[in-house]
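The values are calculated or read from the model by the stated rules, or taken from the named source; none is laboratory data. These numbers were taken from a predicted model, which means no experiment stands behind them. Positions of Cβ are generated from backbone atoms using ideal geometry, with glycine treated the same way; all protein chains shown enter the neighbour counts.
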Amino acid sequence: MSTIIDNITIDEYGQIMLPLEVNQQLNLKNNEWIKVNIKSDHILLVPSKPGIDEELLDIIMHEGILIDIE
């Protein structure tokens, strides 16, 4: 299931500032990292949790937040 979120801001330093709803979907705590997967037509953000192997990460990538840049 995908969630569509508007109001994404890119500041003068190229930092992407996402609305609070993104954190609520990813269930992140302060200073946690996310994995960013850049494709030709979208950017995928996935919580980076310790102990997750790459095969499992590939499976849960489909559960990440999708930002469509087309």
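A few notes on this one:
- Candidates are the residues of segment 8-21 that are touching a strand residue (DSSP E or B) at 6+ places or on another chain (Cβ under 6 Å) and surrounded by 10 or more Cβ atoms within 10 Å (Cβ to Cβ); the one that is nearest to Ile43 (Cα to Cα) is Ile16.
- Within segment 12-70, tally of residues that are in a helix (DSSP H, G or I), at pLDDT 75 or above and under 11 Å from the mean Cα position of the chain (by Cα): 4
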